[in-house]
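J.: First the structure, then my questions, so here it is.
Please treat every number below as a calculation from the coordinates, not as lab data. Just so it is clear, the structure is predicted and the values come from calculations on it, not from any experiment. Counting neighbours? That spans all protein chains shown, and the Cβs are built from the backbone with ideal geometry, glycine included.
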Amino acid sequence: EKGGYDHFMLKEIYEQPDAIRDTFRGRMLADQGLIKMAGIDDHIDKFINAKRILVVACGTSWHAGLVAEYVFEELARVPVEVEYASEFRYRNPVIDKDDVLIAISQSGETADTMAAIKLAKESGAFVFGVCNVVGSSISRESHAGAYTHAGPEIGVASTKAFTTQITVLTLIALQLAKKKGKISTSDFHTYLKELETIPEKVAEALTTNDLVEKIAAIYKESKNCLYLGRGFNFPVALEGALKLKEISYIHAEGYPAAEMKHGPIALIDDQMPVVVIATKKGHYEKVVSNIQEIKARSGKIIGIVTKGDVDVKNLADHVIEVPETIEFMTPLLTTIPLQLLSYHIAVLLDKNVDQPRNLAKSVTVE
Ligand code: F6R
């Protein structure tokens, strides 16, 4: 049932090219330059008229929401607020009847996310669910929605759910941007064509597996690890750190790279591995200077870079290359080596990768 893989998590990591393809199958017609999504198209006025979009989720799904915030604001020029469902539901949030609330949940059963939806509905907001499990409570409770179609995710640590959530949300952002006239037809076409190549590029990113395993062997005894990224890749840094914590029980923190100097840089010494997402577009020079600051304090750099990179390669202790893509799609690629890194460290430490201690696949209690 693990399809020849040692763990469900690894199987699910490797399923991502197909899972992402399944997510846009029938919805994205790149040759015709069209997106067709009933859940969006039937309610497009709600989205167009929304003065803001609220996103509620927990854990990895919350990270996907953060990526979506950057993508929606970039493409569709609508303000987005991303909230932990547990905070949102208990803090008497301001919800307008014209708000659109997007709830993201792999399982569709997360209690706090469900409660946040109920609250939004009471205020008259339009609730859109992004779930993986078909027929789940959140998908039923939402006014409309879109499934991720990732297939069953068994490993407790979420992998393909995350990348397919980002894919669905990117499709929605693109469709909204087009309907609002915020992007040109030619850019829209270019983006669809590029999105269509992402599964192959994810497959290419997966070929870093052996290299990542070697890097994992070097750092597996670390007590702490930092993950840094900027822009679209700041949420990827958070997600990389969460994956490491969950399955290897190594303390890890994700930070926006520029926040380093406001505190975490004090932690840097020669025992501290720092994973830096430094793809070519997106504040590349600034990230390179962040890397120099870490090197000056003897930190160990694992750079996630664009294929053919030179500058980071000259500075970093290790680099892992991912294919080039349009900036807002880079999270779909940079996430891959981070998933593999946490996986291999956990395996080398002999941890229970698929069922980490203290965690459950779906959190139906608050
Ligand atoms: C992380 C993980 C959790 C879930 C969170 C939300 O790998 O699995 O952080 O992402 O419990 O779960 P869903 O998406 O089912 O609402």
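J.: Using 32 Å as the Cα-Cα cut-off, could you pick out the over-long pairs in 201/245; 97/245; 121/286; 193/286; 46/193; 220/286?
T.: From 201/245; 97/245; 121/286; 193/286; 46/193; 220/286, over 32 Å: 97/245; 121/286.
J.: Here is a further query. Output the antiparallel fraction of DSSP beta bridges having both residues in region 1-149, as a percent to the nearest 5.
T.: On the way: 2 of 21 bridges.
Among the beta bridges of region 1-149, antiparallel pairing accounts for roughly 10 percent.
J.: Please work out whether region 77-181 counts as rounded, prolate or oblate from its C-alpha gyration tensor, where a ≥ b ≥ c are the square roots of the eigenvalues and a/c under 1.5 means rounded, while otherwise a/b larger than b/c means prolate and anything else oblate?
T.: oblate
J.: I've got another one for you. So the label point goes 7 Å from the Cα of residue 317 along Cα→C-beta, right? Which residues of region 239-269 then have their backbone N under 16 Å from it?
T.: Counting backbone N atoms under 16 Å from the label point, the list is 251-253, 267-269.
J.: Can I ask one more? On a C-alpha basis, how far is the centre of region 225-240 from the centre of region 312-366 in Å? Whole number, if you could?
T.: What the calculation gives is 11 Å, centre to centre.
J.: What is the calculated FRET efficiency for residue 258 to residue 203, with r their C-beta to C-beta distance and R₀ = 30 Å, to the nearest 0.05?
T.: Efficiency at R0 = 30 Å is approximately 0.40.
J.: Measuring from label point to label point, each 7 Å out along Cα→Cβ, what is the residue 366 to residue 324 span in nm?
T.: Taking the two extended label points, one gets 5.0 nm.
J.: While we're on this one: Does the chain classify as rounded, prolate or oblate by the C-alpha gyration tensor (a ≥ b ≥ c root eigenvalues; a/c under 1.5 gives rounded; else a/b over b/c gives prolate, otherwise oblate)?
T.: Prolate.
J.: Ok, one more. DSSP beta bridges in the chain, what fraction antiparallel, as a percent rounded to 5?
T.: Rounded to the nearest five, the antiparallel share is 5 percent.
J.: Once both labels are modelled 7 Å past Cα along the beta-carbon direction, what's the residue 310-residue 98 spacing in nm?
T.: Going by the 7 Å Cα→Cβ label model, 5.1 nm.
J.: Quick check: residue separation of residue 357 and residue 123 times 0.36 nm, minus the Cα distance between them. What number comes out in nm?
T.: Extra length from residue 357 to residue 123 when fully extended: 80.4 nm.
J.: Only helical DSSP H runs with n ≥ 4 go in: add -39500 (n - 2.57) per run for the chain, normalise by residue count and round the 222 nm mean residue ellipticity to 500 deg cm²/dmol.
T.: Helix-only estimate at 222 nm: -14000 deg cm²/dmol.
J.: Given R₀ = 35 Å, what would the calculated FRET efficiency be for residue 73 paired with residue 348, taking r from the Cβ atoms and rounding to 0.05?
T.: With a Förster radius of 35 Å, E is 0.35.
J.: Roughly speaking, what is the stretch gain from residue 267 to residue 194, that is 0.36 nm per residue apart minus the C-alpha to C-alpha distance, in nm to one decimal?
T.: 22.4 nm
J.: Sticking with this one: How much of the DSSP beta bridge set in region 22-106 is antiparallel, as a percent to the nearest 5?
T.: Once the DSSP bridges in region 22-106 are tallied, antiparallel ones form about 20 percent.
J.: So what is the relative contact order for region 3-132, in percent, with contacts set as C-alpha pairs under 8 Å and at least six apart?
T.: Relative contact order here is 22 percent.
J.: How much length, in nm to one decimal, is gained on full extension between residue 292 and residue 32, taken as 0.36 nm per residue of separation minus their Cα-Cα distance?
T.: On the way: separation 260, 0.36 × 260 = 93.60 nm, distance 4.56 nm.
Residue separation times 0.36 nm, minus the Cα-Cα distance, leaves 89.0 nm.
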